[in-house]
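Below is one structure, written out as C-alpha cells; the observations come after it.
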Amino acid sequence: MYKRLKKDTKWSIIDLGKFKIDSIKSEVLQFSEEWNWFTTRQKTFYTHRDTQMFPICLSDETNWDPRNDVEVTQMNRFKKEESNFEIDSIFSKLKEYYSGEIIRCEVVKLPARTSIRTHVDGGPLLHYSRRVHIPIITNENVTFTVMSNTINMQEGTWYEINNQMTHAANNNSDLDRVHMIIDILPNDMLQYTKIGD
C-alpha cells in the first residue's frame with residue numbers, strides 16, 4: 001500500500017521500481033498497422049497530435065462523475081502469451097499497490113524528433129486516478145518534465161507522475177520513444193462525494 005501524495009502538493013515524479021517488459025518490448029518493436037488502429041488521441045488533443053497510440057483498455061474520462069463506478073472497455077491484448085503474462089503481472093502489482101482498479105492502459109509512441117507540449121491533464125477521472133509511465137523503448141536523448149523536474153526515464157522502470165502539474169516530453173533522438181501509460185483509480189476514490197461547486 002502506498003502513501004497517498006495529494007496532487008496539489010507540488011511533487012513531480014516518483015521512481016517506484018522495475019517491471020519485466022522484455023516480451024512486450026519485443027512485440028512493440030514489430031508494431032506497424034497497430035499504430036494506425038486507433039487515432040482518437042492524436043485527433044482529439046492538440047497536445048498529442050504527434051503521438052500514436054495502441055489502446056489496451058480505455059474509459060470515458062470526459063463524462064465520469066466521481067460518485068459513479070468507471071466503465072472500462074477492453075480494446076486489445078498482445079499477440080504473444082508472454083507479453084500478456086508481463087502486462088497481467090504489471091496490472092496485478094499496480095492494483096495491489098494503489099488499492100484500486102486499472103481504468104486505462106495505452107501504449108504510446110512519440111516519434112523521433114517530436115514532442116508533447118506542456119500541459120495539465122484535465123477532467124475529474126484523470127485528477128483522482130494515479131498515472132504511471134513505464135518506458136518500453138527509449139534512449140538517453142528522451143526527456144520527461146514535470147514542473148521544473150526533467151529526467152531521462154529508464155526502460156522497464158515504473159514512474160508515477162503528477163499529471164495535475166504541468167508536464168511535457170521531448171524526443172530529441174532519431175528513434176521512436178514508446179511508453180506504456182496506465183491509470184489506476186484507488187478504490188476509496190469511488191466513494192468520493194462532491195461537496196460544493
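Using the Cβ-Cβ distance between Asp60 and Asp174 with R0 = 45 Å, the FRET efficiency computed as 1/(1 + (r/R0)^6) comes to roughly 0.80. In percent, how large is the relative contact order of the chain, given Cα pairs closer than 8 Å and 6 or more residues apart? Dividing the mean separation by the residue count of the chain yields 29 percent.
Among Gln30, Gln74, Gln52, the residue with the largest mean-square fluctuation in a Gaussian network model of the chain, with springs joining Cα atoms closer than 10 Å, is Gln30. Checking the table Lys18/Lys79; Lys10/Lys95; Lys79/Lys109 against a 20 Å threshold on Cα-Cα, which pairs fail? Violating the 20 Å limit, Cα to Cα: Lys18/Lys79; Lys10/Lys95. The Cβ shell under 11 Å around Asp183 holds other residues with a net charge of -2, Lys and Arg each +1, Asp and Glu each -1. The charge dipole of region 1-157, taken about its Cα centre with unit charges on the Cβ of Lys, Arg, Asp and Glu (plus for the first two, minus for the last two), comes to roughly 520 debye. If you take the square roots of the eigenvalues of the alpha-carbon gyration tensor of region 30-112 and sort them as a ≥ b ≥ c, do you get rounded (a/c under 1.5), prolate (a/b over b/c) or oblate? Oblate is the answer for region 30-112, as a/c is 1.5 or above yet b/c matches or exceeds a/b. Which shape class, rounded, prolate or oblate, goes with the chain when its Cα gyration tensor gives a ≥ b ≥ c as root eigenvalues, a/c under 1.5 marks rounded, and past that a/b bigger than b/c marks prolate? It is rounded, given that a/c, with a ≥ b ≥ c, falls under 1.5.
Taking the chain as a Gaussian network, where each spring joins two C-alpha atoms under 10 Å apart, which residue of Ile137, Ile181, Ile151 fluctuates the most? The residue that fluctuates most here is Ile151. The distance between label points at Ser89 and Thr39 comes to 3.6 nm (points 7 Å beyond Cα on the Cα→Cβ vector). In this simple spin-label approximation, Gln30 and Ile14 carry label points 7 Å from Cα along the Cα→Cβ vector, and these lie 3.6 nm apart.
Each value in this text was obtained by applying a stated rule to the coordinates, not by laboratory testing. Keep in mind the model is a prediction, meaning the values are calculated, not measured. Please note: Cβ atoms are built from the backbone with ideal geometry, for glycine as well, and neighbour counts cover all protein chains shown.
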